[in-house]
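Take a look at the structure set out below.
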Amino acid sequence: MEKSKELSMDLKKRIIDLNKSGKSLGAISKQLQVPRATVQTIVCKYKVHGTVSSLPRSGRKRKLSPAAERKLVRRVKSEPRITKKQIGQELEAAGTQVSLSTVKRVLHLHGLRGCRARRKPLLQKRHLKARLKFAADHMDKGKTFWRKVLWSDETKIELFGHIAQQYVWRRKGEAFNPKNTMPTVKHGGGNIMLWGCFAANGTGTLQRVNGIMKKEDYLHILQHNLKSSARRLVLGRSWVFQQDNDPKHTSKVVKEWLNQARIRVLEWPSQSPDLNPIENMWTVLKKQVHVRKPSNLTELHQFCQEEWSKIQPEACGWLPKAPIFVTQQIFVTQQM
């Protein structure tokens, strides 16, 4: 049997008006060509609820009870990597069959949404202990200390490798119009390796590395750029040099030269790129360079040098404050 359509609001109101004027249910039914039972239902509903609008319906019975929902949420919190499909299979094995949209709706109601997992260095127990020790030793260091740290690191910059999301205005069917696409090149079209340093006062030397950098190459870079960068940035005598624990950095020849040159080295925990604010500087540099769209590696190197020198001290000044916050977070988190 075909389901009847619901009466319009105007027709329902006419039924109520005719009923108020004293007409019987049968007379209203004949006049408006509406079944008498329908007229009676509308009139009774108005007398009880004072409205002819549709009232909230109970809907279908929920497949997951409140207790089952809480169990589902606990399961996801204990294992965030579990998929909706796996959750559905576990519920089905327990005797409850629900759709994937139901699983997603329940998780959304409890504030849980699917997000891309952040990529972070793999930390073993020895790394955690070293990071906690670093936090405890440096948590009380003031801004004066961090402003005298000369941060350093290497980075690779690809010619066409900077992946930035770009939005375009286009019509349907124009997705592959050359104006609406971003060209890509295999292997980034070539790349250059750079070593750089900076402090709160500004940027230091940016040195290109030819080929694969060995410990001898790294030592040569330090000998010709480290002290000159410190003098140019006016770090004074009590400045501290930061480098990570790359085997080239911790090699015997590099350690001996640093000791002979009387350069203080900041003790650095392994697997801790998130502590080094120069990572933010590399992001700034790469964005500014690729805006200029270099066409070859020579231009890429030239633009890197120019944009590195353009970075203002004001932009550098806030970055060394990051380790203060991060060390506090590490200390508090790992003490819990």
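Nothing in this text is a laboratory measurement; each read-out follows from the coordinates by a stated rule. Just so it is clear, the structure is predicted and the values come from calculations on it, not from any experiment. Glycine also receives a Cβ, built like all others from the backbone with ideal geometry; neighbour counts cover every protein chain displayed.
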Set of aspartates and glutamates near Lys287 by C-alpha distance (under 14 Å), chain-local residues within fewer than 8 positions excluded: Glu158, Glu279, Glu306, Glu307
Arg292-Ala93 FRET efficiency (beta carbon distance; Förster radius 51 Å; 0.05 resolution): 0.35
Reachable lysines from Lys77, criterion Cα separation under 28 angstrom, eight or more residues apart if same chain: Lys61, Lys63, Lys85, Lys104, Lys120, Lys125, Lys129
Electrostatic dipole magnitude of segment 66-109 [Cβ: Lys, Arg +1; Asp, Glu -1; Cα centre; debye, to 20]: 200
Cross-link reach list, lysines versus Lys214, counting only Cα pairs under 19 Å and skipping chain neighbours closer than eight places: Lys156, Lys248, Lys252, Lys255
Choice from Thr102, Thr203, Thr155 with maximal GNM fluctuation in the chain (Cα, 10 Å cutoff): Thr102
Hydrodynamic radius (Kirkwood) for the chain, which is based on Cα pairs only, to one decimal in Å: 27.1
Relative contact order %, the chain, counting alpha carbon pairs below 8 Å whose residues are six or more apart: 18
Selected from Ile15, Gln302, Leu123, residue furthest toward positive end of dipole (the chain; charges at beta carbon): Ile15
About the Cα centre, charge dipole magnitude for the chain (Lys/Arg +1, Asp/Glu -1 at Cβ), debye: 1940
Theoretical FRET efficiency, 1/(1+(r/R0)^6), r = Cβ-Cβ of Lys133 and Met193, R0 30 Å, to 0.05: 0.45
